[in-house]
Amino acid sequence: MPNTARFEVNGALLAGDPSGALWWAERRALIVADLHLEKGTGFARRGTLLPPYDTRETLTRLEAVMSRLSPDIVISLGDSFHDGDAAARLDAGDTALLSRLTAACDWRWIAGNHDPAPPGDWGGRVDSEIVLGSLVFRHEAILDRAAGEISGHFHPKATVQTRARRISGRCFVTDGQRLVLPAFGAYTGGLDVTTPAIARLFPRGFDIHLIGRTKVHSLPRIK
Amino acid sequence: MDTAPLNITLPAKFRDWFAARGWQAHDHQLAMLAAARDGRSALLIAPTGGGKTLAGFLPSLVELADGDYSGLHTLYVSPLKALAVDIHRNLEVPVAEMNLPVRIETRTGDTPQSKRLRQRTKPPQMLLTTPESLALLLSYPDAPQMFAGLKCVVLDELHAIAGTKRGDLLALGLARLSSLAPGCRRVGLSATVAHRDPLIAYLSAEGRAGAGDVVLVAGGEAAKPEVKILLPRGRMPWSGHMAVFALPEVYEAVKAAKTAIVFVNTRAQAEIVFQELWRLNDDNLPIGLHHGSLAVEQRRKVEAAMARGALRAVVATSSLDLGIDWAAVDLVVQIGAPKGVSRLLQRIGRANHRLDTPSRALLVPANRFEVLECRAALDGIRAMELDGDPPRPGGLDVLAQHIIGTACAGPFQADALYAEIASAAPYAGLDRQIFDDVLEFCATGGYALRSYERYRRLIGDGEGGWRLAHPVHLRRYRMNVGTIVEAVTLKVRLNRGPILGEVEEYFVMGLNPGDTFLFAGRLLRFNGLKETTVQASPATGDAPKIPAYAGGRLPLSTYLADRVRGLLQDDANWPTLPAPVEEWLRMQQFRSIMPRREGLLVESFPRGGKEFLVAYCFEGRNAHQTLGMLLTRRMERLGFGPLGFVASDYVLAVWSLKPVQAGDIDALFAEDLLGDDLEEWMNESSMLRRTFRNVAVIAGLIEKRSPGQEKTGRQVTFSADLIYDVLRKHEPSHVLLRATRADAAGGLTDIGRISGMLGRIKGRITHRRLDRISPLAVPVMLEIGREQVYGAALDDLLGETAESLIEEATRMPPQARLPL
C-alpha cells in the first residue's frame, strides 16, 4: 500500500492508513481511536444544532477501510461513543450499520473517558486494555509505561510549513516505543503535537505521520 | 437634490447660541430641520468638518427643547463605541449651554448592568449606541414599550456600515424599529460616496431608492485636498512595500507638521515603519503606534494621547480610518499604495477638519508600480471620481441571527416577520422560500434528516406563529450577538507583565522558542505558549528572525486599476513621472510592448530552465491568486507542467516545464475558466472554509469562542472545517452552504473581478514571446520566494537576485540605444 506510512513500534511492523486507522498486517488487526459517535446529537441537545450526519460519516469511512483490508480483529481504542447515553441516540440506519460491522470480525471496545463502559449490546467485547504480542492497547497513554503502547485520546494533529503554505492535519505520533493514533470520528478536532500533554509522552522526540488528502506523509523527527 | 428655498429658520434659542459662537446655520443644517418638520427621512452627505453631526441632531434638539417629551426620542447608532462616546461629549456642549432639558446616555458593551437595566425602564431622550447593542435591546420583551415613542434614528458613518454584515444586522434592526414606532424617521450621515442610491434605499422604510421617502441633503464641498507624492532622492526600488528608504524624508515631513497620522496598509508595515521612524527620531518626537492587534487599552491610550495633543505622530493601519475627530492633525502620510480613491480620501479627511482649509497629505510609494498607483489615485482625486463596490444582498446568516433575536423578544408571526424583513434594503428581494428555509434552520437546524425535532429551538403553532422553545437560547443569543467573527487569536504577554495584544494563531504556530519577532513596536523573543497565551520577553538586536506578520491586506480597487492601465497606455503622460520610472516604462516599450487599457498583455520567456508566463491583469492580489490557482489547474490538464505561480496587485506570473505558445493563450484565458474548475476549487478552498466558519458562527450554528472556553490540554472542541466537510457531503444544498457560496461569490469580489476581466479581454489578448524577462515583469519576479524580507543579510541576498534580474531585463543589444 503505497499511500500508507510504515513504522515500527516495539518491534511490530505497523502501517498508518490515510483514513486515520492503524493496520497491523501480521495480526490482520485494524485499530481506530476516538470515533465519538453521536457527537452531533450530543451538541444538539445543548442547543448547538450540528449537522446530524457525523455517525453515518464515521461508520461509512470505517466500513470502507474494513472492506479494503478485511481485518480479523478491529480494536476501537475508546471514546467510541461521545457520551454515556450516545448509544441510545443512534438512529435505526446507523444501528444496523454498526451491528453489521461488529459482526464481521472479532470486535473489541476499549473503555474511554467519554464512554467508561461502552454498551454491551452492539456486539464485540469490552476491555480496559488488551495485550497482543508486543503491543498493548489502551485509551490513554500512561506516562511511564511506553513499551509497545498503542493509544488514542489526544486527537493529535500537526502543522507543517511547506513551500506553498502551512498545512495542518491529523497525524500518527510515535517514537518507536509508543504510538498515539489520530481521532477517527468525523467531528473530532485535534490537539497540536507540540502541546505539553502530547509532547511529554515522548521525551526523546517523535516522528509524525501526517494524514494528507490521499496519502500519509512521514516527517522527520521533531524534538 | 432639493434646491427650493427652505423657508425654515432656527428657533430663537438656537439662533442665539449659534450667534454667540460666531456661527451661522449652514444650509444643510436648515435642510435637515426642514426634512424633520416634514417627517421625512434624510441622507446627509458631507465631508468631515462640515458640522455633519450637529446637523443630524439639530432637529431632535429643537423638538426636545420645550421639555414636554419624556421617553426615548432619538437613537444614534455608530459603528464605533469610541465614536458614540465622543459624540456624547460633543452633544453635551449645546445641551448645557442652551440649558436644554435633554438627557443623553451611551449604551455599549461597556455600560454597567445596573445602568443598562435603568436605560430600558427609564430611557433617556437620546441614546447613543452600536448596531450590536441595538440588536440586544430589541431582543428584550420590553422593546415595544421602550421604542414605542421613538421619533428619530441617526446612523453615523453610514457609508462605512451599509453593505457589510453589520449593516445587514442594523438594517434588520431598523425594520423592527419601524414596526414598533411607525412614525420614526431615519437620518443617515455619510462621507462622499460613489453610489448614493444604495444609501437612500437603506434609509427608506420601503427598502428601495425610488420610494421617495428620503430627502438627499448635500453638506457643502470641502476644499480640495493638497496631495503630493513623495519621490525619494536617489533610486526608486523595483519591489518591496515598506518604503524604508523614504522614511528619512517622511520623518522630516512629520517634524515640520504639528500632528501627523502615518497610515500604512498592513500591520507588518506598521510595526516596521514605527521601528524605523524611532531609529531616525533624533529629536525624540512623541510617535505612537495604532493597529487592530494591539490590546484595546493600548489603543485607547494612544487615542487619548492624540486627543490631548501629546503625540506628534501616530503610525496607524485602517484601525484609524474611522473615528474620533482630532482637530490638531494637519498632515496625513500614506505609506505604500493607496489601493482606492475613496479610501484615500477618507484617510486624507482625517487631517484638518475645517472646510475652508484644505487637508494636506503626502503619498509615499514604496516601489515603481506604486508610483503609478499613487499617480492614478492623485488623478482620481483631482477628477473627484470615487470608487466603491455596489451593494450585495443581505447575508442569510445575519437573517438567522435576527430571527432568533426576534423570538427572544416574544412570539412572532412568520408572515409579519417576512414582510418586515423585506422592507429592509439588503433583504428587499428576499424569496419567501429562502426566508422559510432560514426560519426552519433556526427552528431545527433545517436538515433533510429530521432528527432534531426534540432539540428544536423554535416551536411553531402550525398556523404561522412561532416562539422560543427554551430560555437557554435567549442566553446563547445574547452571548453571541453580532457579526464580527474574530480570527482565532492568542494573547501576547510580556514576561509576567501586561498583555500587549493578540496575534493570529497561524503566526504563532510558525514560531519556535527563541525566535524573535516585532510586535507592539518592540522586538520580542518567543518563549513558548502557556495555555492560550504567548509568552514573550524583550529581545535585543536589530533584526527579528521572523518578520512581523502580514494582515489586513487590501485589494486594489477596480477603478484605480483602470486608471493605472490608462497611465501605462498613454505615454504622453510619462515625462511627468519620476525619471527612473519613465525610463523603466520606455525600456518596456522597447523590449516588449505596454499593456493596453483594454485587453490583456501576456508575455512568456524562458529563465533558469523554466518557462515563465506573465499576465498583466491589474485585478488585485486576491483575484490574481484565485486566477493563479485556476490557471495552473488548467495548465496541468493541458500538459504544460506548471510548477508554481506568484501574484502581485498588478501581475500574475506562472512558471512551468513547457512553454506556452501563442496558440494556447486564448484557450488558457477562456471564459469557461470560471466554469469547470471554479466549483471544484471553491469547494476545496480555504476561502470557502473560512467563509463557512463565519457564516456558521453568525447564524448561531456554532458559538464564538469565549474566554474560558478555549482548548485546554484535555478538552478538544470540534472545528468548523469538519462540519463543513460533513455537511457538504451529506446535504450540499443546506441553507448555510447556500449562504456560504453567496458570501464567497458576492462578498469577496475576486470572482466577479476575474469574470469581468475574462469577458473584457476575450479576443483582445496580446501575446509576446520574449527571449528573456521584460522590464515590467521584474517586480513580480522579485516576489518569488520572498517570504522573509527583514534583515541586512537577506536583503543582500535579495539584492543580488534583483540586480541580475534587472540586468537581464534591461540589457541592450550592442549598438542599440534606448529611444528616449
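No lab work stands behind these numbers, since they all come straight from the coordinates. Treat the numbers as computed from the prediction; the structure is a model and nothing was measured. Here the Cβ is made from the backbone with ideal geometry for all residues, glycine too, and neighbour counts use every protein chain on show.
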Please give me, ordered by residue number, the trypsin sites (Lys or Arg not before Pro) of region B:415-485 that lie in loop per DSSP and have at most 11 other Cβ atoms within 10 Å. B:Arg450
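Could you compute the FRET efficiency for B:Thr121 and A:Thr194, with r as their C-beta to C-beta distance and R0 at 45 Å, rounded to 0.05? Working shown, then result.
On the way: r = 52 Å, r/R0 = 1.16.
Calculated transfer efficiency: 0.30.
Taking the Cβ of A:Leu14 as the centre, find all other residues whose Cβ is under 14 Å away and add up their charges (Lys, Arg: +1; Asp, Glu: -1).
Details: positive: A:Arg6, A:Arg27, A:Arg28, A:Arg178; negative: A:Glu8, A:Asp17, A:Glu26, A:Glu149, A:Asp175, A:Asp207.
Every neighbour counted, the sum reads -2.
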Projected onto the charge dipole of chain B (+1 at Lys/Arg Cβ, -1 at Asp/Glu Cβ, origin at the Cα centre), which of B:Pro286, B:Ile765, B:Gln661 gives the Cα projection farthest towards the positive end? B:Pro286
Compute the angle between helix B:720-730 and the longest alpha-carbon principal axis of chain B, please, reported from 0 to 90 degrees and rounded to the nearest 10. 90 degrees
Putting +1 on Lys and Arg Cβ atoms and -1 on Asp and Glu Cβ atoms, find which of B:Leu524, B:Leu560, B:Met587 reaches farthest to the positive end of the dipole of chain B. B:Leu524
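Over chain B, what relative contact order in percent results from Cα pairs under 8 Å that are six or more residues apart?
Numbers: 1463 pairs, mean separation 93.4, N = 820.
11 percent.
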In degrees, nearest 10, the alpha-carbon axis of helix A:92-103 is tilted away from the dominant principal axis of the alpha carbons of chain A by 60 degrees
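So how strong a dipole does the protein assembly as shown carry about its Cα centre when Lys and Arg Cβ are +1 and Asp and Glu Cβ are -1, to the nearest 20 debye?
On the way: 124 positive and 118 negative charges, 257 e Å.
Charge dipole, the protein assembly as shown, about its Cα centre: 1240 debye, nearest 20.
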Taking amide H positions as placed 1.01 Å from N in the peptide plane, with prolines and chain starts having none, which residues 5 or more places from B:Thr106, or on another chain, fall under 5 Å of its amide H? B:Leu128
Report the normalised scattering of chain A as log10 I(q)/I(0) at q = 0.14, 0.17 Å⁻¹, calculated by the Debye formula with identical scatterers on the alpha carbons. -0.82, -1.22
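Please give the FRET efficiency for B:Arg522 paired with B:Ile593, using the beta carbon to beta carbon distance and R0 = 45 Å, rounded to the nearest 0.05.
Numbers: r = 49 Å, r/R0 = 1.08.
The formula returns an efficiency of 0.40 here.
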Gyration tensor on Cα atoms of chain B, a ≥ b ≥ c root eigenvalues, a/c under 1.5 rounded, else prolate if a/b beats b/c, else oblate, says prolate
Peptide A:181-188 - average C-beta neighbours from other chains (10 Å radius): 3
Cβ-Cβ cut-off under 11 Å around A:Ala29, Lys and Arg +1, Asp and Glu -1: the net charge is 0
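What's the local net charge at A:Val126, with K and R +1, D and E -1, over the other residues with C-beta under 14 Å away?
-3
Taking R0 as 25 Å, what FRET efficiency do you get between B:Asp562 and B:Glu636 from their Cβ-Cβ distance, rounded to the nearest 0.05? Don't skip to the end; give the middle numbers.
Values: r = 32 Å, r/R0 = 1.27.
FRET efficiency, B:Asp562 to B:Glu636: 0.20.
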Quickly rank A:177-188, B:83-94 as a protection proxy: mean count of other C-beta atoms within 10 Å, highest first. A:177-188, B:83-94
Rg to Rh ratio, region B:1-134, alpha-carbon atoms and Kirkwood radius? 0.97
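Shape verdict for region B:385-493, please, from the Cα gyration tensor: rounded (a/c under 1.5), prolate (a/b greater than b/c) or oblate. Show your work: numbers first, answer last.
On the way: a/c = 2.02, a/b = 1.20, b/c = 1.69.
Taking the square roots of the gyration eigenvalues as a ≥ b ≥ c, region B:385-493 is oblate.
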Would you mind checking the pairs A:Lys39/B:Lys530; B:Lys52/B:Lys81; A:Lys215/B:Lys729; B:Lys81/B:Lys530; B:Lys52/B:Lys224 and listing those with alpha carbons more than 23 angstrom apart? A:Lys39/B:Lys530; B:Lys81/B:Lys530
Angle between chain B longest axis and helix B:296-308 axis [Cα atoms, degrees, rounded to 10]: 80 degrees
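Mind checking the dipole of chain B: about its Cα centre, +1 per Lys or Arg Cβ, -1 per Asp or Glu Cβ, Debye to the nearest 20?
Numbers: 97 positive and 93 negative charges, 287 e Å.
In total the dipole reaches around 1380 debye.
Between rounded, prolate and oblate, where does the protein assembly as shown land on the alpha carbon gyration tensor, with a ≥ b ≥ c its root eigenvalues, rounded for a/c under 1.5, else prolate if a/b exceeds b/c? Before the final figure, lay out the partial values.
Values: a/c = 1.82, a/b = 1.20, b/c = 1.52.
Here the protein assembly as shown falls in the oblate category.
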